[in-house]
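Data first, discussion second: the structure below is written as structure tokens.
The values are calculated or read from the model by the stated rules, or taken from the named source; none is laboratory data. Small disclaimer: the values here were computed from a predicted structure and weren't measured. With ideal geometry, Cβ positions are generated from the backbone for all residues, glycine too; neighbour counts draw on all protein chains shown. Keep in mind that these areas ignore ligands, DNA and RNA; they rest on the heavy atoms of the full protein, side chains included. Shrake-Rupley method; radii C 1.70, N 1.55, O 1.52, S 1.80 Å.
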Amino acid sequence: MREIETLAALDAALDAGAPLRGLRLQDLDLTERAGRLLRRDDVEGLVVLGGRLPDDLEHHLRTHGALVFPTDPRAPVDPYRASLYSPEELYDGLLGTGYESTPDARAYRWSRDAAVGHDAFVTLLRAIHDDSVTDALSDALDALPVVGVMGGHALRRDSSAFARAAALGHALARSGLVVATGGGPGAMEAANLGALAPTSESLVEAVDRLRGVPSFRPDVRAWATLALEVRAGLVAGRERRAVASIGIPTWFYGHEPPNVFCDGIAKYFSNAIREDGLLARCTAGVVVLEGAAGTVQEVFQAATRLYYEREPADGAPLPHLVLVGRAHWTEALPVWPALAALASGRGMADRVHLVDDLTEAVGVLTAGWPPRPGPPAPDPASP
């Protein structure tokens, strides 16, 4: 079985002359390929996932044993999508009629709509959507080393902590790691911003501009509009790199709009799938900044993996888990004592860390990863 996600790949399959049985055509507009496909009857077991096709082609494929999965034209998202979201896609229409009209806001309302809450077809479409996003995320990250940066959504852009979190993301990305976050505002936005910035100078300038709208409350439109402007400037001056950072948010937290500083956004309806997938992909480790309930949940999800996991079969070491902020994690939210107790006497003991210095956190997480060519990464405390 082969996934066909582009028309070029479909053309290659048709040109090869091999049977089309077992192919999966995902989110393709088959209108211009209808003639060629109508001439083929070797399509038993062919699966068409969404996309567009003329009625006569759909009838032909079904008659010859293909499976054609429908979509719902009322759905605000494409459940069969073959790629990650871009910031521009989720915020389409923001400058016209405002945030409430964007695909991001409409998808949240759809996820909370009681009228379709128990509709089996809608539930299926959401599940297919999340599986499609997972597949696209795997394609985007492939075997790249990923470090997760976790932290609270309430961190304001005009705080010194935001600037430090941005510098942390910049240092990690300059060390060759892909920065993955929960994709929301606050510390997550800061880390994705840092990873996107091509230079430390451009990062300082971007942080300074973002202070103009310090929070997504009460006006998501102003918050996102400024961010999109800053993003455009950073992307224009950036040396092309396949993936520097990824955001993995969820519509479960509808009050948290996605940040725009990612190379791709994997947004989910299911928070459980999103949480597990985010942490499972952090092969190079996780750094946890100050946060509240959601961040605490992520700490113990990461710790559970370390607690039960054996050394990977390929001989790679277990990833590190680094908590930043001694006072926060020992006094305000005493997570560290429980984490240390879990680690005592186990192989994870040398993989959990509590630090105050972001430079130390960067050192722990980048040890063993070859740095990217170019000047050394900046001091994470510099902004």
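What the table shows:
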quantity: 10 Å-binned pair-distance histogram of the stretch 1-77 (Cα, whole percent); calculated: 20, 60, 18, 2
quantity: Computed FRET value (nearest 0.05) for H118 with R217, which takes r as the C-beta separation and R₀ as 45 Å; calculated: 0.90
quantity: Size of charge dipole - the stretch 52-148 - debye, nearest 20, with Cβ of Lys, Arg +1 and Asp, Glu -1, no other charges; calculated: 260 debye
quantity: Whether the stretch 115-160 is rounded, prolate or oblate, judged on the alpha carbon gyration tensor where a/c under 1.5 counts as rounded; calculated: oblate
quantity: Cα pair distances of the stretch 1-141 binned at 5 Å [whole percent]; calculated: 2, 9, 17, 20, 17, 15, 11, 6, 3, 1
quantity: Virtual paramagnetic centre 7 Å along Cα→Cβ of E89, amide N under 13 Å, in the stretch 15-43; calculated: 27-28
quantity: The stretch 15-101: trypsin sites (Lys or Arg not before Pro) in DSSP loop, at most 16 other beta carbons within 10 Å; calculated: R21, R39, R40, R74
quantity: Residue-wise HN-Hα coupling along the stretch 99-113, computed from phi with Karplus coefficients 6.51, -1.76, 1.60 (Hz; x: Gly, Pro); calculated: 4, 4, 9, 6, x, 5, 5, 5, 5, 5, 4, 4, 5, 9, 6
quantity: Label-to-label distance, nm, for residues given as S344 and D208 (7 Å Cα→Cβ offset); calculated: 5.0 nm
quantity: Rounded FRET efficiency, nearest 0.05, which uses the C-beta distance separating A127 from A327 and R0 of 35 Å; calculated: 0.25
quantity: Most mobile of V322, V286, V235 in a GNM of the chain (Cα contacts under 10 Å); calculated: V235
quantity: Rh (Kirkwood; distinct C-alpha pairs) - the stretch 212-332, Å; calculated: 16.9 Å
quantity: Expected 222 nm ellipticity per residue - DSSP helices of 4 or more, -39500 (n - 2.57), all of the chain, to 500; calculated: -12500 deg cm²/dmol
quantity: Fraction of accessible area attributable to carbon and sulfur, the stretch 206-365 (%, probe 1.4 Å); calculated: 54 percent
quantity: Translational diffusion of the stretch 73-143, µm² s⁻¹ [Kirkwood Rh, Cα pairs; Stokes-Einstein; 37 °C; 0.692 mPa s]; calculated: 249 µm²/s
quantity: Extension gain, V296 back to D158 (0.36 nm per residue minus Cα-Cα distance, nm); calculated: 47.3 nm
quantity: Gain upon complete extension [H255, D356; 0.36 nm per residue less C-alpha separation]; calculated: 33.4 nm
quantity: Square roots of 5 times each gyration tensor eigenvalue, C-alpha, the stretch 158-209, largest first, Å; calculated: 15, 14, 8
quantity: Residues with amide H under 5 Å from that of A154, placed H, sequence gap 5 or more; calculated: A187
quantity: Other-chain or far-sequence residues with amide H under 5 Å of Y268's (modelled H); calculated: T250, W251
